[in-house]
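Participant: Before I ask anything, here is the structure I am working with.
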Amino acid sequence: RATIEVIGLRKRFGPTLALDGMSFTVQPGQVTGFVGPNGAGKSTTMRVVLGLDAADKGRALVGGRPYRSLSDPLRHVGALLDAAALQPGRTARNHLLWLAHSQGLGAARVDEVLELTGLSGVARRRAGGYSLGMRQRLGIAAALLGDPPVLLLDEPFNGLDPEGIVWMRELLAGLAGQGRAVLVSSHLMSELQDTATQLVVVGRGRVIADTSVAALLSAV
Ligand code: ADP
Ligand code: ADP
């Protein structure tokens with residue numbers, strides 16, 4: 001099953017306790033909003049799930065397995081960590097072709113994800129001239145290349161204009177509608193309240209509230 005399980009993660013950076021018993025589950029078919037102030041531990045949690053940081057305690061599983069034990073991780077998990085690290089001289093299309101090649105995918109899949117992310121028209125321009133919003137789209141395109149059932153997106157709304165925000169909401173809903181597990185972080189509840197079906201609210205490295213949005217709205 002396409003799930004993300006975060007189980008009692010603890011992580012210290014020197015004097016800072018970044019994660020203090022972080023626990024929650026992301027289910028398939030849901031957009032799970034991961035919301036909390038800057039410094040709450042959202043990025044660190046995602047990095048631990050992706051095997052980029054080691055936790056001091058606890059476990060993180062993707063589809064029931066640690067990320068590092070997946071044989072073909074990019075076909076299981078797509079991630080947007082910060083607006084695509086780009087080589088400014090490279091075009092968006094070349095950037096994706098290079099990533100696709102490393103996953104054994106071809107140009108047809110690159111053109112598909114360019115279409116999905118609305119970048120087809122600008123894909124042959126140098127990325128150095130891209131706005132932050134275009135970089136976010138390119139980061140999403142890269143995350144979708146392997147058609148993964150699990151997505152972790154860190155602040156995907158950053159840098160998007162109002163039209164881009166509406167587009168991102170529809171994209172996320174569509175991806176969850178296809179049965180994917182989608183975890184989306186934001187420091188702004190307003191970005192997630194119309195997008196997420198589940199909310200995991202965090203502060204100081206732990207979960208403060210974990211609820212379906214429907215249950216939350218019926219309670220207020
Ligand atoms: P969020 O994504 O919710 O803004 P982060 O996970 O980035 O939060 O950060 C959680 C805490 O851990 C913050 O206090 C941050 O400064 C600290 N932190 C994160 N990464 C590092 C690092 N590599 N070295 C030192 N401190 C870090
Ligand atoms: P639509 O007909 O509105 O595009 P789809 O069911 O084809 O609806 O897609 C739902 C959402 O998922 C769309 O927003 C699309 O961007 C995205 N999507 C569709 N196919 C794929 C795919 N193969 N890989 C990644 N994302 C996809």
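Participant: Considering the range 67-96 alone, what residues qualify as being farther than 24 Å from GLY159 by Cα and out of contact with any strand residue (DSSP E or B) (no Cβ under 9 Å at 6 or more places or on another chain)?
Facilitator: ARG68, SER69, SER71, ASP72, LEU74, ARG75, listed by residue number.
Participant: Moving on to the next point. Right, VAL110: under 20 Å from the mean Cα position of the chain (by Cα), more than 16 Å from ligand 1 (Cβ to nearest atom) and loosely packed, with under 15 Cβ neighbours inside 10 Å or not?
Facilitator: So VAL110 fails the test.
Participant: Do we have ALA196 as buried (at least 21 other Cβ atoms within 10 Å of the Cβ), at pLDDT 95 or above and in a loop (DSSP other than H, G, I, E, B) here?
Facilitator: In short, yes.
Participant: Could I ask something else about it? Please identify the pairs in which a residue from the range 23-37 that is assigned to a strand (DSSP E or B) has its Cβ atom under 6 Å from the Cβ atom of a residue that is away from ligand 2 (no atom under 16 Å from the Cβ) and among the hydroxyl-bearing types (Ser, Thr, Tyr), counting only partners at least 6 apart or on another chain.
Facilitator: Correct list of pairs: VAL26/THR32; PHE34/SER185; VAL35/SER186.
Participant: Here's another thing I want to ask about it. Scan the range 118-162 for residues that are within 16 Å of ligand 1 (Cβ to nearest atom) and charged (D, E, K, R) and jot them down.
Facilitator: Within the range 118-162, ASP154, GLU155 meet the criteria.
Participant: Are any residues in the range 134-174 part of a helix (DSSP H, G or I) and in contact (Cβ under 8 Å) with a residue 60 or more places away in the chain, and if so, which ones?
Facilitator: Residues satisfying the conditions are ILE140, ALA142, ALA143, LEU144, LEU172, ALA173.
Participant: Just to verify a result, which residue in the range 118-141, among those that are over 11 Å from the mean Cα position of the chain (by Cα) and of a type in the set (A, V, I, L, M, F, W, C), is nearest to SER186 (Cα to Cα)?
Facilitator: Restricting to residues being over 11 Å from the mean Cα position of the chain (by Cα) and of a type in the set (A, V, I, L, M, F, W, C), the top hit is LEU132.
Participant: Hey, does the range 30-53 have a residue that's within 16 Å of ligand 2 (Cβ to nearest atom) and out of contact with any Pro (no Cβ under 9 Å at 6 or more places or on another chain)?
Facilitator: yes
Participant: Name the residue that is nearest to ILE4 (Cα to Cα), counting only residues in the range 170-184 that are within 10 Å of ligand 2 (Cβ to nearest atom) and surrounded by 15 or more Cβ atoms within 10 Å (Cβ to Cβ).
Facilitator: ARG180
Participant: Got a number for residues in the range 27-44 being within 9 Å of ligand 1 (Cβ to nearest atom) and under 20 Å from LEU172 (Cα atoms)?
Facilitator: 4
Participant: For the range 185-220, give me the residue count where each residue is under 17 Å from the mean Cα position of the chain (by Cα), under 18 Å from GLU5 (Cβ atoms) and of a type in the set (Asp, Glu).
Facilitator: 0
The values are calculated or read from the model by the stated rules, or taken from the named source; none is laboratory data. Please read all numbers here as calculations on a predicted model, not as lab measurements. We place every Cβ from the backbone using ideal geometry, glycine too, and count neighbours over all the protein chains shown.
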